[in-house]
């Protein structure tokens, strides 16, 4: 069961990197600031380095901060990981920009409630984990809007040649965004594996081993070095025509929001923050420039993810219990 959990967590990290790197690269590719090959390479290296540079606050808050380890089993969190992976794969195959963070939270809550009941949930931790997830869209939108307004004011007398400067600066902001993404999202798989090691008796306390950090870093970096081109097209073309200044504003705002969240131990959805920051930077220029219907569809998907994955997780628990009863 432990090996199964580790396999699920690493696949989850790979798909997480694959999908979310599309959000990271969409702006620079759509604005023609960087070639797709160079963007993927730089993004992959940044994603690989980040887990070694930042702490593990998110890993702790998403696992032991959300559920009581004494009330759950290794089987419970393996099923939770499986539920999150099922929804993530379905969303990937359908090209839906869903949130892997929401999927993992829903999977954990559904499995824990089904097996152990409400007593397994840490109420204070639930608030700390779920609240940032649902506040993230508004924060990303506001940050993108504010960043765009600041850049527009600073460049109010600039000539069109300023676009070349913005394009070069995007290399730095994209790297910062990739670092902040991996610093937050790689920890989700790290936390699940470490919790599994704790429940199986391999660890005596919740301390993330360096081997686990390395495995998750490699998995998310490999995924990030590929990129999902369907999501790149959705974010880079369907919302509005992105210019270098839009990409620069949204990347800068997103990187700050995600990195601060990682340091504070608040798990946020990278795809949410980046996508809404793109909407905000476009709205700062002209509100009707943005195709708000696309943003609304993404928001609906994000809000449905937690209850859907809770249901998937509960169903998987029921199936597992039925199989065990039949065997015995």
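The values are calculated or read from the model by the stated rules, or taken from the named source; none is laboratory data. Quick caveat: nothing in here was measured; it's all calculated off a predicted structure. Reconstructed Cβ throughout: ideal geometry from the backbone, glycine too, with neighbour counts over all protein chains shown.
When you check residue 315 against the structure, is it assigned to a helix (DSSP H, G or I), modelled with pLDDT of 75 or more and crowded, with 21+ Cβ neighbours inside 10 Å, yes or no? Spell out how you get there, then give the answer.
Details: assigned to a helix (DSSP H, G or I): yes; modelled with pLDDT of 75 or more: yes; crowded, with 21+ Cβ neighbours inside 10 Å: no.
For residue 315, the condition - assigned to a helix (DSSP H, G or I), modelled with pLDDT of 75 or more and crowded, with 21+ Cβ neighbours inside 10 Å - is not met.
Close contacts from segment 244-268, counting a first residue that is at positive phi and a second that is crowded, with 24+ Cβ neighbours inside 10 Å and at pLDDT below 80, with Cβ to Cβ under 9 Å and a gap of 6+ residues or different chains, come to 265/58; 265/59; 265/62.
Against the definition (assigned to a helix (DSSP H, G or I) and over 21 Å from residue 40 (Cβ atoms)), how does residue 213 come out, yes or no? Don't jump to the end; show me each part of the working.
Working: assigned to a helix (DSSP H, G or I): yes; over 21 Å from residue 40 (Cβ atoms): yes.
Taking the combined requirement at face value, the residue satisfies it.
Would you confirm whether any residue within segment 55-63 is modelled with pLDDT of 75 or more, buried (at least 24 other Cβ atoms within 10 Å of the Cβ) and outside any helix (DSSP H, G or I)? Yes.
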